[in-house]
Each structure stands twice: as structure tokens, then as C-alpha cells.
Amino acid sequence: MRRKLVAGNWKMHGLKADLPQVAAIAEAAAAHPGVDVTLCLPFTLIEAGAGVAGAMPVGAQDLHENDRGAHTGCISGPMLVEAGASVVIVGHSERRGDQHETSHDAWAKAAAGRRNGLGVILCCGETEAERDAGRAERIVQSQIEKSLPDGASGEWLTLAYEPRWAIGTGKTPTLEDIAAIHAIARAKLRQMVGDAADGIRILYGGSVTGANAAAILGTENVDGALVGGASLTAEKFVPIIAAAARAG
Ligand code: 13P
């Protein structure tokens, strides 16, 4: 039985003035011990965020594939660990889109996260044009094939299905479409890592809110949610944590 994981991705939001939100979310996480909760913060808030998060792990949203070197503006796994991160997101569609990252980059970054003892949330998901062309399933399979790090196991790896067109738009796939992609993702994991696939959580992400969380989290093979906008305040995020607790 996979425990539900609700992960917040603050993206390029959050200043020190927002730390009380981190603390309030951590308090809610402690009140729902049956659910795993984490917040992936901007780099600049990780250390302070970890300081107010109590037992709730905090993480980052990207890292460099190398541990050190001449890479101006980049952040390495050891730096994240020193700042207090325990998790890192790789392959997010905004990195694939804005920074032109590929599945191979996501693969190398996932390996860097693992090498440094970080939990890794590996993202995949199709664009609207790919869905309209009937290619969503094939795209997700191919992204997993190219980016799944060696030795993937649920102890440190989580997959997140985030259709790009559902991110920040208020649009979500139907529950049937979510179930179909998650089943395909599970099958691809099984093909690649065998029985270890059963331990790997697959999150859904894209316009998850307190209003739709219960239905999405109740869908087969949905082991949690990766939440952007609705993770920025306790008021919006706590109902999603509570829904995950109920979905158990
Ligand atoms: P929204 O929840 O704002 O749609 O963002 C989803 C996301 O990209 C999380 O990584």
C-alpha cells in the first residue's frame, strides 16, 4: 500500500514574509500523520523554510547534474543538502519549456539527486498539441523511458504526471484520462524495474485544488498530488492534505 504524498511546488514564489505559511502547512502535515507532505521551495527559502517546517521535509525545484564546477547560476545537490533540502523536483515541464531541458537532462539530474541522498520527484506530461494529436500516452511512456534513473525505487523516487496544458490553467483531464495515463505510467515502470514499480508513487499535478482533490486522489493509481498555485497558502493547501488523508 502506497502512502499518499502531497507535494507543493512554490515555483518562483515566496519571500521570508511567507515563512508563516510554511509553518502553518507543517502544522497541518503533523496533524495528518497518515499522509506525507513536502514543500519544494525556491532555493533562497530552503534553509529558512527547513527551520520552521519541523518534521515536514522541504525540497528544491531543480539541481545541476554535477556536484560542483564552473556552472554560473546553478545549484548542486550538495548545496541543496547543506541548505536542508531532502527532496528535489526534476524534469518539470516549466524547465523543459523555459530552459529547454530534455528527458536526458531529467535523467542526469535525477541521478544527481539520488547520489546526494535526496528524494526525487520526476515529472512527465504531454502538451496540449500532443494530447490533441492523440499522442499523450506515447509521450509519457517515452519521457519515462528516457528519464527514469537507474535503480529507481519507491524509497527515493516519485513520478509526477503533469499534463502541461493543465498547469496553472484551471483545466484538468477527466478522471478517466488521469486513470488511463497513470495506468500506462505504472505499466511502463513495471516493464523497466519489475516489482519495484509497485512501490513507486505516481502523483497527479495540474490545477489541483481543495475542490477537486478528493476526486483526483480517489482515482486508481493516483498516489498523491503535485500542487503549484494552491500550495502557496495554508488556507488553500490544507484542504488538499485533508483530502489525501481521507483518500488514505
Ligand atoms: P498548478 O497547481 O498551479 O496548476 O501547478 C502544477 C504544477 O506545475 C506543480 O508542479
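All of the numbers you see were taken from the coordinates with simple rules; none came from a lab. It should be emphasised that the depicted structure is a prediction, and the values quoted were computed from it without experimental measurement. All Cβ positions, even for glycine, are placed from backbone atoms using ideal geometry, and neighbour counts span all protein chains on display.
By a straight-distance test (C-alpha under 19 Å), which aspartates and glutamates pair with Lys109 as possible cross-link partners, with residues fewer than eight away in the same chain excluded?
By straight Cα distance, Lys109 reaches Asp62, Glu65, Asp67, Glu82, Glu94, Asp98, Glu101, Glu145, Asp150, Glu155, Glu162.
Can you give me the distance in nm between label points at Ala187 and Arg3, each placed 7 Å from the Cα along the Cα-to-Cβ direction?
Going by the 7 Å Cα→Cβ label model, 3.1 nm.
For n ≥ 4 DSSP H runs only, could you compute -39500 (n - 2.57) per run for the chain, divide by its residues and tell me the 222 nm figure to the nearest 500? Kindly include the intermediate steps, with their values, before the conclusion.
Numbers: 10 runs with 104 residues, N = 248.
Dividing the helical sum by the residues of the chain leaves -12500 deg cm²/dmol.
Could you work out, for the range 1-148, what percent of all Cα-Cα pairs fall into each 10 Å distance bin, beginning at 0 Å and stopping at the bin that holds the largest distance?
It works out to 12, 37, 33, 16, 2, in whole percents.
Where in the range 77-113 does the amide nitrogen come within less than 18 Å of the point 7 Å from the Cα of Asp150, taken along Cα to Cβ?
104-113
Set the Förster distance to 41 Å, then compute FRET efficiency between Glu235 and Ala180 from the Cβ-Cβ distance, nearest 0.05.
Numbers: r = 33 Å, r/R0 = 0.79.
Plugging the Cβ-Cβ distance into 1/(1 + (r/R0)^6) gives 0.80.
With a cut-off of 8 Å between alpha carbons and a minimum separation of six or more residues, what is the relative contact order of the chain in percent? Can you show the working numbers first?
Working: 529 pairs, mean separation 54.7, N = 248.
Averaging sequence separation for qualifying contacts and normalising by length gives 22 percent for the chain.
Over 10 Å intervals from 0, what percent of Cα-Cα pairs in the range 81-184 sits in each interval?
Histogram of Cα-Cα distances, whole percents per bin: 15, 46, 31, 8, 0.
Nearest 20 debye, what's the magnitude of the dipole of the range 1-125 about its Cα centre given +1 on Lys and Arg Cβ and -1 on Asp and Glu Cβ? Walk me through the intermediate numbers first.
Working: 11 positive and 12 negative charges, 67 e Å.
Roughly 320 debye for the range 1-125.
I need the GluC sites (Glu not before Pro) found in the range 144-248, filtered to DSSP loop residues with at most 14 other beta carbons within 10 Å of theirs. Let's see the in-between values first.
Working: sites: Glu145, Glu155, Glu176, Glu220, Glu235; in loops: Glu155, Glu220.
Qualifying residues, ordered by number: Glu155, Glu220.
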